Amino acid sequence: MSLQTLTLEDGLTRLTIAPDIGGSIVNWTVLASGQPLLRHTDEAALAA
């Protein structure tokens, strides 16, 4: 079973959350620069 995510964009940033694990933030990135606002979640941690 793969983890489902939901991605939201507001023109400035992209936010990815994981509803299956309580709405945890997976990634949050500035679109123009690709700079993460938070440390990216490790794929192995999401699979656990």
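Numbers for the structure displayed
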quantity: Subset tally (residues that are part of a loop (DSSP other than H, G, I, E, B), more than 11 Å from the chain's Cα centre (by Cα) and of a type in the set (Gly, Ala, Ser)) for region 14-48; calculated: 5
quantity: Odd one out for residue 46 among (1) in contact with a strand residue (DSSP E or B) (Cβ under 9 Å, 6 or more places away or on another chain); (2) surrounded by 14 or more Cβ atoms within 10 Å (Cβ to Cβ); (3) free of Cβ contacts under 8 Å to residues at least 40 places away in the same chain; calculated: (3)
quantity: Residues located in region 1-15, provided they are modelled with pLDDT under 95 and surrounded by 12 or more Cβ atoms within 10 Å (Cβ to Cβ); calculated: 3, 5
quantity: Within region 1-28, tally of residues that are more than 18 Å from residue 46 (Cα to Cα) and not basic (Lys, Arg); calculated: 6
quantity: Positions within region 22-35 being exposed (fewer than 12 other Cβ atoms within 10 Å of the Cβ) and farther than 18 Å from residue 4 by Cβ, in sequence order; calculated: 32, 33, 34, 35
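The values are calculated or read from the model by the stated rules, or taken from the named source; none is laboratory data. Quantities reported herein were computed from a predicted structural model and do not represent experimental measurements. Because the Cβ atoms are built from the backbone with ideal geometry, glycine has one as well, and the counts that use them run over all protein chains shown.
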